[in-house]
Amino acid sequence: MSNALDLDAHRQLCRLLDEFEADDEQWVAVLTGAGDRCFCAGQDLKELAARNRSGIQPTSLGSGGVSGSPRLTERFGLTKPIVARVNGHAIGGGLELVLACDIAVAVDHATFALPEVKLGLVAGAGGAIRLPRQLPPKVALGHLLTGRPMTATEAHRHGLVNDVVAATDLDACVEAWVTDLVACSPVAVRAAKEIATRSRELSLEEAFAARYPWEEKRRTSPDALEGPAAFVERRAPRWQNPS
């Protein structure tokens, strides 16, 4: 099973992401592929070839606003955490999805690759941009310019994924990450992600001076008082849903 991304899959994923963003009861999302062989093989090349034959202008960087946008790779303001459950190969757009997630757990037989250059394409859904930001430059360019795959062990060594586990341990490892995430204040998690994401390309001085809307919400939220109070009273905190 390739779990390729055709336009219909993009539309369905867009709808689910819209629902996730809008629902205050949903604090964390887990993204995975069907089956146990492939997380996602990326763009449906048969559909792409048919679109090319019909004369539809191809996109370059980003989705170009076609149906099913904004995609996960372009949801730059999404502050809720997303965990990638990489249950197999993450190729092309599949790797780009992993790069757009916040935490990634991979099964030990997974591989990661951006083979677009072998097809006369570029990793335009963020791969050519995010990979050099998340891996050492020479490592990123080596894989980006040749399409060479990397193993799950290599991906873990370079910090592309948080954990690599046997298939039998995949769900337990993902569940452990989710449990840790939902144990934290949801507004604090969103503020922390927002600060980390938006400050990445700023100088330290600029980062400290920037405005972060979710941090402003956290600072004045009940959770900012509840956390220290619960610690002093030696009880579990009672977090409130952000809005």
Segment 99-243 - percent relative contact order, Cα under 8 Å, separation 6 or more: 23 percent
Within the chain, percent of DSSP bridges classed antiparallel, to nearest 5: 10 percent
Relative frequency of Cα-Cα separations exceeding 19 Å in segment 3-63, percent: 46 percent
Reported label for calculated percent of Cα pairs over 28 Å apart given (1) 37; (2) 24; (3) 29: (1)
Neighbour cut-off at most 16 other Cβ (10 Å), DSSP loop, trypsin sites (Lys or Arg not before Pro), segment 163-219: Arg200, Arg211
Global form of segment 67-110, assessed from the alpha-carbon gyration tensor, a/c cut-off 1.5: oblate
Charge tally in the Cβ shell below 14 Å around Ala104, where Lys, Arg are +1 and Asp, Glu are -1, Ala104 excluded: -2
Packing-based ranking, highest mean first, of 72-84, 94-106 given that Cβ atoms within 10 Å are counted: 94-106, 72-84
Euclidean distance between Cα centres, segment 142-200 to segment 18-57, Å: 19 Å
Cα-centred dipole magnitude for segment 178-243, charges only on beta-carbon of K, R (+1) and D, E (-1), debye, nearest 20: 220 debye
Net charge, Leu48 excluded, C-beta distance under 13 Å - Lys, Arg +1, Asp, Glu -1: -1
Environment charge of Gly94, counting only residues whose C-beta is closer than 14 Å and scoring Lys/Arg +1, Asp/Glu -1: 0
Share of alpha-carbon pairs per 5 Å distance bin for segment 21-93, given as whole %: 3, 12, 17, 21, 19, 15, 8, 3, 1
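We did not get these values from a lab; they are worked out from the coordinates using the rules stated. Please read all numbers here as calculations on a predicted model, not as lab measurements. As a convention, Cβ positions derive from the backbone with ideal geometry for all residues, glycine included, and neighbour counts pool all protein chains shown.
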